[in-house]
1. If you build the Cα gyration tensor of the protein assembly as shown and take the root of 5 times each eigenvalue, what three semi-axes come out, in whole angstrom, biggest first?
2. Count the net charge of all other residues whose Cβ sits under 13 Å from the Cβ of residue B:90, scoring Lys and Arg as +1 and Asp and Glu as -1.
3. Evaluated at 10 °C with a viscosity of 1.306 mPa s, what Stokes-Einstein diffusion coefficient in µm²/s does chain B have when Rh comes from the Kirkwood expression over alpha-carbon pairs?
4. Measuring label to label, 7 Å along Cα→Cβ, what does residue B:85 give against each other copy in nm, shortest first?
5. What value, in deg cm²/dmol to 500, does the helix sum -39500 (n - 2.57) over DSSP H runs of n ≥ 4 give at 222 nm once divided by the residues of chain B?
6. Name the chain A residue nearest the rotation axis between A and B, going by Cβ position, and give the distance in whole Å.
7. Inter-copy label distances at residue A:98, 7 Å along the Cα→beta-carbon direction, one decimal in nm, shortest first?
8. Taking all protein chains in place and a 1.4 Å probe, what share, in percent, of the accessible surface of the protein assembly as shown do carbon and sulfur account for?
There are 2 protein chains.
Amino acid sequence: MRLEAIDHVGLAVGDLEAAVERYRATLGIEPIHRERVETQGVEEVLFAVGDSFIQLLGALGPETPVGRFLERRGEGVHHIGYRVPDVAAALEELKRRGARLIDDAPRAGSRGTTIAFVHPASMGGVLVELVQV
Amino acid sequence: MRLEAIDHVGLAVGDLEAAVERYRATLGIEPIHRERVETQGVEEVLFAVGDSFIQLLGALGPETPVGRFLERRGEGVHHIGYRVPDVAAALEELKRRGARLIDDAPRAGSRGTTIAFVHPASMGGVLVELVQV
């Protein structure tokens with residue numbers, strides 16, 4: 001499978017504004033994108049790091065995936081997003097290779113991307129997102 | 001601070017050989033580096049993803065940092081490594097900005113790199129490594 005880049009690392013944070021401020025103050029870098037993604041129950045803020053992004057994720061409520069993650073595990077890495085040229089083709093290849101998928105078909109992500117999630121059980125305990133820009 | 005790239009994402013895994021085989025079989029990618037780092041109590045295997053690496057980390061024993069992480073949290077992301085041009089300068093800037101550091105001074109990492117760790121408390125719950133190639 002062609003993984004072009006680590007598109008982003010998504011971090012679940014309890015207080016999005018405080019986390020953004022902490023990243024700005026600690027690293028001296030500025031956010032480049034902010035988006036509320038109702039379908040995923042998150043608000044995200046992106047910082048550019050080379051060809052990748054650090055994505056801070058605030059939950060839109062306790063009963064969202066990130067809300068439940070925070071309740072269960074606390075703040076930390078929520079998922080890794082790999083950039084692929086074609087999400088549909090990547091899903092087909094993963095199915096053929098026996099991976100456990102969360103999404104059977106590509107769907108719309110933030111920034112106008114096409115995405116799909118792969119189950120942590122197939123990826124060493126880490127939730128994986130495939131991202132087609 | 002100039003963060004040039006996500007150098008790597010380090011994943012703590014319980015069984016390194018099984019995890020390497022799972023990544024190979026699931027993603028169809030081959031490891032490009034393996035190193036036993038006695039000073040950090042880990043054996044690491046790297047897969048290249050664009051300009052970054054996925055780093056699978058096996059503990060050399062239960063009383064190592066990764067061994068204790070696995071006991072406490074199970075498999076998952078152990079740290080994020082950011083590539084910087086000068087670790088010593090980055091540490092000075094972080095100190096000035098009030099970040100909580102784990103390493104006061106740069107030290108030797110794997111692959112002949114120079115590294116230093118920043119405490120998760122300053123980085124949204126995520127252990128951060130600075131990497132100078």
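The values are calculated or read from the model by the stated rules, or taken from the named source; none is laboratory data. All values derive from a computational prediction rather than experimental measurement. Positions of Cβ are backbone-derived with ideal geometry, glycine not excepted, and every protein chain shown enters the neighbour counts. Keep in mind that these areas ignore ligands, DNA and RNA; they rest on the heavy atoms of the full protein, side chains included. Shrake-Rupley method; radii C 1.70, N 1.55, O 1.52, S 1.80 Å.
1. The three semi-axes for the protein assembly as shown are 26, 23, 17 Å.
2. In short, -3.
3. 105
4. For residue B:85, the other copies' label points sit at 3.3 nm, shortest first.
5. Taken over chain B, the calculation gives -7000 deg cm²/dmol.
6. Residue with the nearest Cβ, plus whole-Å distance, for chain A: A:77, 2.
7. Residue A:98 label point versus its equivalents elsewhere: 5.3 nm.
8. The computed percentage sits at 48.
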